[in-house]
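Trainee: Have a look at the structure that comes next, please.
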Amino acid sequence: MTREVVWDHGVALPGHRLWLDPLTVRSFAFISHAHTDHARRHKEALLTPQTLALIPEERRPRGWRMLGFGEPMRRGGGTVMLHPAGHMLGSAMLHFEHDGWSVLYTGDVKLRQPGRIETLVPRANVLIVETTYGRPHFRFGDPDETLELIARWCRRALDSRVTPVLLCHALGKTEEVMLQLAQYGFAFALEKRCVPCARQYAAAGRSLPDWIELDGKPVMDRVVIAPPVGKDDVRRLGRYRTALISGWAKDPEFAQLFGADATFDLSDHCDFDELMEVVARSGATQVYTVHGFTEDFARSLRRKGVRAWALEANEQLALAL
């Protein structure tokens, strides 16, 4: 059927020979962004130029078709168009239209950015949405206010001659946090695992503020950024305090796992209310949830009268629309 969505180790529109962020290598697939859990060495891939630039050579697809935002492309008898997803540099939502029937696949998505920037959500009959934070207790603060709190926390530490260490994922989160905090006048030092990612970001066209690489010696005048897991270099800093920058700050057990002194819920994913807003803005009459709290969020939507199902609840599930 041409109006069918299938889950089989990834999302697919089999009637149109289109795979969406599949977990296994395929002959042709859409890669929504450059994080390793989405980027595979497919035989051929559709992705944005920025996403391609952020994927290391050894992990790049063997062939690719780069597509800019808003540029139409014919595929499987229909038309594909990519739209910014707000998750990280180059991240894209895919909109597919065929004979008046349309599907929107969000990939990892974020509606509200610091600076009052909002991600636009295209209209579609069917929505396939990621639900990393698909439970009601994941409600994040205003991103600009949270950014201000992070800046104050860093400034208090520096004024006390204590090194502030922000725990962030190396690719995407680190660079965006640097860009957002630079307006407060901070300079940065990056743990070695963040360094290649920062260089990739710069090569992909996003100019970053002043930073140096940690060299095992204490730094007293910079904000340090490091991945949440593994703190050997951080422990050599002497006096330091750590803050986890993540939506998981709303989950006390998860935050405690990383032993952070403070937590801030600045996320590059939608919270529960934003996910609800994505559904409303899309106008979709059928919603499928993937990744994260899929069944929980689908259940919340059904309580509101929306036809919604967790697509990956059964890997052999095929749902005719």
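Trainee: For a label point 7 Å from the Cα of Asp99 along Cα→C-beta, name the residues of the stretch 1-30 whose backbone N is under 18 Å from it.
Mentor: The answer is 1-6, 13-18, whose backbone nitrogens lie closer than 18 Å to the label point.
Trainee: Hey, another quick one. For the stretch 143-264, what's the radius of gyration and Dmax over Cα atoms, in angstrom?
Mentor: 13.3, 37
Trainee: Give me the count of lysine pairs in the chain whose alpha carbons sit under 25 angstrom apart, restricted to pairs 8 or more positions apart or on different chains.
Mentor: Close lysine pairs under the 25 Å cut-off: 12.
Trainee: Still on this structure: Averaged over every viewing direction, what's the projected area of the C-alpha convex hull for the stretch 100-208? Give it in nm², one decimal, please.
Mentor: In nm², the orientation-averaged hull projection of the stretch 100-208 is 9.3.
Trainee: At 0.36 nm per residue, and after removing the present C-alpha to C-alpha distance, how many nm does the segment from Thr24 to Val229 gain when stretched out fully?
Mentor: So the chain would gain 71.2 nm between Thr24 and Val229.
Trainee: What whole-number volume per residue, in cubic angstrom, does the convex hull of the C-alpha atoms of the stretch 189-321 give?
Mentor: Convex hull volume per residue, Cα atoms: 178 Å³.
Trainee: Still on this model: Which semi-axis lengths, in whole Å and largest first, follow from the square roots of five times the eigenvalues of the Cα gyration tensor of the chain?
Mentor: Listed largest to smallest, the semi-axes of the chain are 36, 22, 16 Å.
Trainee: Is the shape of the stretch 26-130 rounded, prolate or oblate, going by the alpha carbon gyration tensor and its root eigenvalues a ≥ b ≥ c, with a/c under 1.5 for rounded and a/b larger than b/c for prolate?
Mentor: oblate
Trainee: Separate question: Based on the alpha-carbon set only, what is the convex hull volume of the stretch 70-125 divided per residue, in Å³?
Mentor: About 80 Å³ per residue, rounded to a whole number.
Trainee: So, in nm, how far is label Val195 from label Arg65 when the simple model puts each one 7 Å beyond its Cα toward the Cβ?
Mentor: According to this spin-label approximation, the distance is 3.9 nm.
Trainee: Under a point spin-label approximation (7 Å from Cα along Cα-to-Cβ), what is the Arg299-Arg17 distance to one decimal in nm?
Mentor: 4.1 nm
Trainee: Grab the beta carbon distance between Gln256 and Asp144, set R0 = 41 Å, and tell me the FRET efficiency rounded to 0.05.
Mentor: Computed FRET efficiency for Gln256 and Asp144: 0.90.
Trainee: What is the order of Ser27, Ser32, fewest Cβ neighbours within 10 Å to most?
Mentor: Ser27, Ser32
Trainee: If you take the charge dipole of the stretch 143-264 about its Cα centre, with +1 on Lys and Arg Cβ and -1 on Asp and Glu Cβ, which of Cys197, Gly238, Thr163 is farthest toward its positive end?
Mentor: Ranked along the dipole, the leading option is Gly238.
Trainee: Add +1 for every Lys or Arg and -1 for every Asp or Glu among the other residues with Cβ under 14 Å from the Cβ of Arg74, and state the total.
Mentor: The answer is 0.
Trainee: For Arg236 paired with Asp8, estimate the spin-label separation in nm (one decimal), with each label point 7 Å from Cα along the Cα-to-Cβ line.
Mentor: 5.0 nm
Trainee: Right, here's the next one. Treating only the Cβ of Lys, Arg, Asp and Glu as charged (+1, +1, -1, -1), what charge dipole size does the stretch 143-264 show about its Cα centre? Round to the nearest 20 debye.
Mentor: 340 debye
Trainee: Hey, got a sec? Which trypsin sites (Lys or Arg not before Pro) in the stretch 77-116 land in a DSSP loop and have at most 10 other Cβ atoms within 10 Å?
Mentor: Arg116
Trainee: Using only the alpha-carbon atoms, how far is helix 294-303 inclined from the longest principal axis of the chain? Give it as 0 to 90 degrees, nearest 10.
Mentor: 60 degrees
Coordinate-derived values only; no laboratory data. This structure is a prediction, so every number in the text was calculated from the model and none was measured. Backbone-built Cβ (ideal geometry, glycine too); neighbour counts: all protein chains shown.
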